[in-house]
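To start, the structure itself, in structure tokens.
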Amino acid sequence: MDLQGKTIIITGASSGIGAAAAQLFGKAGANLVLGARRAAELESTAQAARNAGANAIILAGDVSEYGYADALVDLARTEFGGLDGAFNNAGIVGDMLAVPDMSIANWDQVIATNLTSAFFAAKAQIPAMLERGSGSIVFTSSFVGVSNGGLAGMGAYAASKAGLVGLVKSLASDHAAAGIRVNALLPGGTVTPMGGEGDADLLAFVADLHPMKRMASAAEIAEVALFLLSGQSSFVTGTAMLADGGISVRLV
Ligand code: NAP
């Protein structure tokens with residue numbers, strides 16, 4: 001799967017799945033525009049991608065602000081001449097509490113970071129892809145909120161991730177005829193800082209929830225994002241693609 005000469009925005013690139021995607025997409029020949037809030041960690045991701053031969057630039061910022069989504073697209077235009085794809089992947093879990101105990105501020109922050117950011121990203125990215133006449137956008141959702149089982153204390157996160165799937169279907173339908181594909185990627189438990197990296201008991205608990213009896217590596221999830229961004233998925237749009245080790249089809 002190749003992204004030779006394609007310019008791709010990756011958010012959440014300072015860590016976990018986004019950092020793994022930067023390495024993989026860079027090796028596949030992409031020009032990378034990398035985003036997240038922590039500039040030093042972003043620069044480490046970019047440097048590793050450059051060492052692997054990629055063109056990579058960074059812009060630190062907050063995905064819950066429209067101006068940041070717009071600035072990432074501007075950077076893709078000025079540095080690389082346009083935008084071909086985006087892996088809108090930044091996200092947070094927030095406080096894990098039952099709704100009566102959850103603060104309104106937490107609800108607002110999770111929805112802004114995970115869902116409103118997707119509206120902002122699409123609003124900024126689609127016009128640039130229309131200029132190109134093609135494009136592919138991938139949003140990182142989750143099995144949480146979409147699979148049959150509910151997870152305790154994850155109301156805000158589940159709502160935000162399910163909301164992404166609805167948004168993707170509408171975006172895909174609106175822009176398919178113009179050559180723009182839009183898909184959601186739904187990872188299962190993945191070994192990253194968010195996924196409990198470093199906490200052996202939590203990792204064992206989460207691994208056991210999966211029929212495969214393990215969690216994904218960040219690189220495995222990045223491979224699915226690469227597929228959705230590459231020409232190999234040219235007839236795929238509007239999907240909620242599970243890469244979850246079977247957790248969504250688990251019976252108990
Ligand atoms: P991670 O290692 O914690 O990475 C999260 C990334 O999002 C970081 O780069 C973080 O960077 C960025 N981010 C968070 N809030 C941001 C904001 N307001 N503005 C800009 N960037 C922001 O977690 P991960 O597991 O790789 O998560 C990536 C995506 O996968 C998330 O959307 C998550 O919900 C989803 N996911 C993860 C799992 C799992 O088990 N790990 C499972 C299903 C889905 P900064 O802190 O530098 O801003």
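Enter the angle in degrees (range 0 to 90, nearest 10) between the Cα long axis of helix 16-27 and the first principal axis of the Cα atoms of the chain, meaning the one along which they spread out most.
The answer is roughly 30 degrees.
Going by the alpha-carbon gyration tensor, a ≥ b ≥ c the square roots of its eigenvalues, is segment 133-252 rounded (a/c under 1.5) or, if a/c is not under 1.5, prolate (a/b greater than b/c) versus oblate?
Details: a/c = 2.39, a/b = 1.75, b/c = 1.36.
In terms of gyration-tensor shape, prolate.
Using a basic spin-label model with each label point 7 Å from the Cα along Cα→Cβ, how many nm lie between D74 and A178?
Placing both labels 7 Å beyond Cα along the Cβ direction yields 2.1 nm.
Expressed as an acute angle from 0 to 90° and rounded to the nearest 10, what is the orientation of the C-alpha long axis of helix 39-51 relative to the principal long axis of the chain?
With rounding to tens, the tilt is 60 degrees.
For the chain, please report how many Lys pairs fall under 22 Å Cα to Cα, leaving out neighbours fewer than 8 apart on the same chain.
Numbers: K6/K27; K6/K123; K123/K161; K123/K169; K161/K169.
Close lysine pairs found across the chain: 5.
Determine the percent antiparallel among the DSSP beta bridges restricted to segment 7-251, to the nearest 5.
Details: 0 of 30 bridges.
Close to 0 percent.
Select from segment 175-249 those trypsin sites (Lys or Arg not before Pro) which occupy a DSSP coil region and have at most 11 other Cβ atoms within 10 Å, ordered by residue number.
On the way: sites: R181, K213, R214; in loops: K213, R214.
Here the trypsin sites (Lys or Arg not before Pro) that fit, given the DSSP loop and packing criteria, are K213.
Angle, helix 200-209 long axis vs. longest principal axis of the chain, Cα atoms, 0 to 90°, nearest 10?
90
Read-outs: derived from the displayed coordinates by stated rules, not from any lab. Predicted model, so just to flag it, every value in this text is computed and none were measured. Positions of Cβ are generated from backbone atoms using ideal geometry, with glycine treated the same way; all protein chains shown enter the neighbour counts.
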